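Engineer: Sharing a structure here in structure tokens format.
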Ligand SMILES: Cc1cc2nc3c(=O)[nH]c(=O)nc-3n(C[C@H](O)[C@H](O)[C@H](O)COP(=O)(O)OP(=O)(O)OC[C@H]3O[C@@H](n4cnc5c(N)ncnc54)[C@H](O)[C@@H]3O)c2cc1C
């Protein structure tokens with residue numbers, strides 16, 4: 001266990017915001033986790049690769065960072081069961097699986113972050129979600145100091161959602177994830193650019209195309225700070241989607257797994273508001289990809305929050321659709337959200353004027 005005080009988070013968040021945490025505790029073994037106790041009244045938050053987080057201000061508490069590594073493979077007859085430590089890099093794990101002859105995760109290549117974070121928001125891309133492959137999640141209950149093995153059903157996966165964002169939010173630290181990769185490999189090439197692949201496409205072909213397209217379309221956080229898609233694609237009632245389709249015949253509208261609900265493309269809505277390239281301070285709506293907010297190098301957390309507010313307000317005024325941020329907002333005391341942060345900044349501005 002390693003403990004550092006007043007830790008700069010510049011290299012711990014993909015937005016590259018220069019904020020601090022009062023304390024950062026890293027764990028390299030499960031035994032270290034059992035020995036650790038939370039301090040009552042001191043805020044804490046679990047961090048992995050920091051690629052889905054917006055630190056809105058200095059965090060006045062303890063950040064817990066699991067760095068467990070290692071992989072084990074079990075032959076389960078019709079599938080490979082692969083158990084991976086939470087601290088392993090996700091893309092490297094996907095690459096390793098393919099090299100070993102365990103295809104299945106190729107559509108999810110190049111998503112930044114660690115394995116342990118993947119069930120939290122049920123990461124997804126190119127028509128595949130992690131829930132399609134999760135067999136079991138092993139977690140440590142930080143409150144009751146108990147180990148817990150959870151099946152896929154117990155994780156209550158949804159669109160960019162799971163039980164780790166609700167009932168078990170912050171209380172359960174994921175230690176390792178077991179994936180079931182069927183030996184009878186089924187390619188998924190029905191989504192976007194992957195449609196161009198021939199029927200004979202291999203898992204390596206899919207992997208290579210996904211990496212190529214993602215590198216072209218999305219800004220590399222190592223070059224331009226960002227946290228990927230800032231907002232979720234909004235789900236709206238079918239009647240609202242029909243009314244929007246009449247008013248905006250070009251609007252992309254997708255089916256969802258939920259009856260009576262349709263999904264809209266958040267990037268399209270933002271683009272239609274003419275916001276590509278719009279700046280607030282050093283924060284900017286990416287020039288090519290409207291769904292991504294970037295740090296041009298000089299952004300403060302407040303710039304990003306205010307830009308997110310501008311985007312959400314513009315989309316709401318034009319389309320009557322309220323965007324929900326996919327990126328997790330972290331305030332001084334723990335998780336917060338766009339409304340709370342805007343209110344706080346406004347109150348701070350009023351207080352400084354008084
Ligand atoms: C350029 C770019 C592209 C992206 N593309 C996609 C995409 O296509 N699809 C997609 O779904 N996401 C995408 N993302 C978002 C992000 O990569 C994923 O959400 C990723 O899983 C976050 O991993 P992380 O290790 O950085 O987690 P963090 O950002 O550190 O944490 C994310 C959340 O998970 C929790 N958490 C992390 N580890 C654990 C753990 N071990 N136990 C319990 N809770 C934990 C944290 O508390 C936090 O709430 C993208 C991000 C970027 C920057």
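Engineer: Just checking, which of 38, 81 is touching a residue at least 60 places away in the same chain (Cβ under 8 Å), away from the ligand (no atom under 11 Å from the Cβ) and in the same structural domain as residue 151 (by TED's automatic domain parsing)? I'd like the intermediate steps shown before the answer.
Structural biologist: Numbers: 38 fails: in the same structural domain as residue 151 (by TED's automatic domain parsing).
Residue meeting the stated conditions: 81.
Engineer: I've got another one for you. Please give the helices (runs of 4 or more DSSP H) falling wholly within the range 250-354 in which 3 or more residues are more than 22 Å from residue 224 (Cβ to Cβ) and without any contact (Cβ under 8 Å) to a residue 12 or more places away in the chain. So that I can check it myself, show each step before the final result.
Structural biologist: Numbers: elements: 266-272, 301-319, 338-353.
Where helices (runs of 4 or more DSSP H) fall fully within the range 250-354 and carry at least 3 residues being more than 22 Å from residue 224 (Cβ to Cβ) and without any contact (Cβ under 8 Å) to a residue 12 or more places away in the chain, they are 301-319, 338-353.
Engineer: Name the residues in the range 1-27 that are in contact (Cβ under 8 Å) with a residue 40 or more places away in the chain and either exposed (fewer than 15 other Cβ atoms within 10 Å of the Cβ) or more than 13 Å from residue 67 (Cβ to Cβ) (or both), would you?
Structural biologist: Across the range 1-27, the qualifying residues are 7, 9, 13, 14, 15, 16, 17, 19, 21, 22, 23.
Engineer: Right, another one. Tell me, which residue of the range 216-231 that is in a loop (DSSP other than H, G, I, E, B) and near the ligand (Cβ under 10 Å from one of its atoms) is nearest to residue 314 (Cα to Cα)? Please lay out each step first, then the result.
Structural biologist: Keep residues of the range 216-231 that are in a loop (DSSP other than H, G, I, E, B), which gives 218-224, 230.
Cutting the leftovers down to near the ligand (Cβ under 10 Å from one of its atoms) gives us 218-222, 224, 230.
Numbers: 218: 23, 219: 23, 220: 26, 221: 26, 222: 29, 224: 24, 230: 15 Å.
Only one residue tops the list, namely 230.
Engineer: Every residue in the range 119-143 that is touching a strand residue (DSSP E or B) at 6+ places or on another chain (Cβ under 8 Å), assigned to a helix (DSSP H, G or I) and more than 9 Å from the ligand (Cβ to nearest atom), please. Lay out the reasoning, then the answer.
Structural biologist: At the first step, the residues of the range 119-143 found to be touching a strand residue (DSSP E or B) at 6+ places or on another chain (Cβ under 8 Å) are 119-123, 130, 133-142.
Add one more test, that the residue is assigned to a helix (DSSP H, G or I), and what stays is 130.
If the condition is that a residue be touching a strand residue (DSSP E or B) at 6+ places or on another chain (Cβ under 8 Å), assigned to a helix (DSSP H, G or I) and more than 9 Å from the ligand (Cβ to nearest atom), then no residue fits.
Engineer: Moving on. Consider residue 147 carefully, then state whether it is farther than 30 Å from residue 37 by Cβ and more than 9 Å from the ligand (Cβ to nearest atom).
Structural biologist: Working: farther than 30 Å from residue 37 by Cβ: no; more than 9 Å from the ligand (Cβ to nearest atom): yes.
Criteria not met by residue 147.
Engineer: Here's another thing I want to ask about it. Determine, yes or no, whether residue 236 is assigned to a helix (DSSP H, G or I), touching a helix residue (DSSP H, G or I) at 6+ places or on another chain (Cβ under 9 Å), buried (at least 16 other Cβ atoms within 10 Å of the Cβ) and in contact (Cβ under 8 Å) with a residue 40 or more places away in the chain.
Structural biologist: Numbers: assigned to a helix (DSSP H, G or I): no; touching a helix residue (DSSP H, G or I) at 6+ places or on another chain (Cβ under 9 Å): yes; buried (at least 16 other Cβ atoms within 10 Å of the Cβ): yes; in contact (Cβ under 8 Å) with a residue 40 or more places away in the chain: yes.
In short, no.
Engineer: Can you tell me which residue within the range 8-24, out of those that are within 14 Å of the ligand (Cβ to nearest atom) and not in a loop (DSSP other than H, G, I, E, B), is farthest from residue 227 (Cα to Cα)?
Structural biologist: Top of the filtered list is 24.
Engineer: Residues that are farther than 26 Å from residue 225 by Cβ: which strands (runs of 3 or more DSSP E) entirely in the range 36-118 hold 2 or more of them?
Structural biologist: Here the list reads 71-75, 79-85.
Engineer: Restricting attention to the range 137-161, report how many residues are in contact (Cβ under 8 Å) with a residue 24 or more places away in the chain, over 19 Å from residue 29 (Cα atoms) and in contact with a helix residue (DSSP H, G or I) (Cβ under 9 Å, 6 or more places away or on another chain).
Structural biologist: Result for the range 137-161: 3.
Engineer: Within the range 85-94, is even one residue in contact with a strand residue (DSSP E or B) (Cβ under 7 Å, 6 or more places away or on another chain), more than 25 Å from residue 329 (Cβ to Cβ) and more than 13 Å from the ligand (Cβ to nearest atom)? Steps first, please.
Structural biologist: As a first pass, look at the range 85-94 and keep what is in contact with a strand residue (DSSP E or B) (Cβ under 7 Å, 6 or more places away or on another chain): 85-90, 93.
From what is left, the residues that are more than 25 Å from residue 329 (Cβ to Cβ) are 85, 88, 93.
Now narrow it down to the ones that are more than 13 Å from the ligand (Cβ to nearest atom): none.
No, there is no match, as no residue in the range 85-94 is in contact with a strand residue (DSSP E or B) (Cβ under 7 Å, 6 or more places away or on another chain), more than 25 Å from residue 329 (Cβ to Cβ) and more than 13 Å from the ligand (Cβ to nearest atom).
The values are calculated or read from the model by the stated rules, or taken from the named source; none is laboratory data. What you are looking at is a predicted structure, and each value in this text was computed from that prediction instead of being measured. Neighbour counts are summed over all protein chains in view; Cβ atoms, including those assigned to glycine, are modelled from backbone coordinates with ideal geometry.
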